[in-house]
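Below you'll find the structure I mean.
The values are calculated or read from the model by the stated rules, or taken from the named source; none is laboratory data. Keep in mind it's a predicted model, so treat the numbers as computed, not measured. Here the Cβ is made from the backbone with ideal geometry for all residues, glycine too, and neighbour counts use every protein chain on show.
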Amino acid sequence: MIQIAIDGPSGAGKSTVAKALAAKLGIIYVDTGALYRTVGYYVRSRDTDPKDAAAVEALLPGIHVELKYENGTQIVCLNGENLGDKIRTPEMSMYASAVSAIPAVRAFLLDTQREIAAKNSVIMDGRDIGTVILPNADVKIFLTASDECRAQRRCDELNAKGIPSTLEEVLSDMRQRDLADSTRAVAPAVAAEDAILFDNSWMTPDECTAKLAEVIEATLAARRA
Ligand code: DC
């Protein structure tokens, strides 16, 4: 079984590249951000402040999050309901980031992530995959790009989904979220010591995928040798 960890800030292209690599390698792609977004969605639906750790923790017993795969595509269900794109709004990004700083939420989602990696070969993207979730992953990549490139990508993505967004708004939200994610006390979004740092600012998704496929192949070959 293979474990590939892809961490990095928002808009670095982790999901696009990880999905393509999973298809290429014939393994499962796990989007862990969707789990935090799902908890954020539930917290919002209960009119709860996502920064109120005690209040959020009290809601956790009412949450059942399930990861499923349909035709190779990940589906996250909240208490049996597939939330689809409802977790992809800028508001849900902020809720996800806020609840992800709460240790009880991270502990709550830990087993779901480790279990799927125990049963399948995976390429998993997130913020703490190489540092906390899969510390013994075969390959660890920390993917990043300049703030402007990442914001432009996120902005294009949101507009394509019919969520009107401006570059300024997205850049400001993104910087706020990155700062919170990388400076939180628990499992901050930082590169693992043994991660390969990869900046894809000037690459198309195809170029980045091809280059990372080479990096992964070389790393796996070196491990086997
Ligand atoms: O990858 P994303 O934008 O969907 O993630 C949403 C938020 O969830 C992000 O701001 C930080 C948090 N997150 C996390 O703390 N750990 C992960 N492994 C994945 C996401």
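So which residues in the stretch 7-22 are within 10 Å of the ligand (Cβ to nearest atom) and either in a loop (DSSP other than H, G, I, E, B) or crowded, with 21+ Cβ neighbours inside 10 Å (or both)?
Matches in the stretch 7-22: Asp7, Gly8, Pro9, Ser10, Gly11, Ala12, Lys14.
Quick check on Thr89: is it out of contact with any helix residue (DSSP H, G or I) (no Cβ under 6 Å at 6 or more places or on another chain), of a type in the set (Val, Ile, Thr) and over 30 Å from Val215 (Cα atoms)?
The answer is yes for Thr89.
Going through the stretch 73-112 one residue at a time, which ones are within 23 Å of Ala22 (Cβ to Cβ) and loosely packed, with under 12 Cβ neighbours inside 10 Å?
Once the filter is applied, which keeps residues that are within 23 Å of Ala22 (Cβ to Cβ) and loosely packed, with under 12 Cβ neighbours inside 10 Å, the stretch 73-112 yields Thr73, Gly84, Asp85, Asp111.
I'd like to know if the stretch 209-218 contains one or more residues that are surrounded by 14 or more Cβ atoms within 10 Å (Cβ to Cβ), of a type in the set (Ser, Thr, Tyr) and touching a residue at least 60 places away in the same chain (Cβ under 8 Å).
Within the stretch 209-218, one or more residues are surrounded by 14 or more Cβ atoms within 10 Å (Cβ to Cβ), of a type in the set (Ser, Thr, Tyr) and touching a residue at least 60 places away in the same chain (Cβ under 8 Å).
Now for a different question. Within the stretch 23-56, how many residues are surrounded by 13 or more Cβ atoms within 10 Å (Cβ to Cβ), more than 16 Å from the ligand (Cβ to nearest atom), in a helix (DSSP H, G or I) and not aliphatic (A, V, I, L, M)?
Total meeting the criteria: 1.
Name the pairs whose Cβ atoms lie under 7 Å apart, with the first residue in the stretch 102-119 and farther than 13 Å from Ile133 by Cβ and modelled with pLDDT of 95 or more, the second of a type in the set (Val, Ile, Thr) and within 12 Å of the ligand (Cβ to nearest atom), and 6 or more positions between them or separate chains?
Pro103/Val186; Val105/Val39; Val105/Val99
Here is a list of conditions, (1) more than 15 Å from Met1 (Cβ to Cβ); (2) of a type outside the set (Lys, Arg); (3) touching a Leu at 6+ places or on another chain (Cβ under 8 Å); (4) more than 13 Å from the ligand (Cβ to nearest atom), and Asp111 meets all of them except one; can you say which number that is?
Asp111 satisfies all of (1) more than 15 Å from Met1 (Cβ to Cβ); (2) of a type outside the set (Lys, Arg); (3) touching a Leu at 6+ places or on another chain (Cβ under 8 Å); (4) more than 13 Å from the ligand (Cβ to nearest atom) except (3).
Quick one: is Arg114 among the basic types (Lys, Arg) and either in contact with a Ser or Thr (Cβ under 8 Å, 6 or more places away or on another chain) or farther than 24 Å from Asp194 by Cα (or both)?
Judged against the criteria, Arg114 is not a match.
Has the stretch 114-122 got at least one residue that is near the ligand (Cβ under 10 Å from one of its atoms), small (Gly, Ala, Ser) and not in a loop (DSSP other than H, G, I, E, B)?
no
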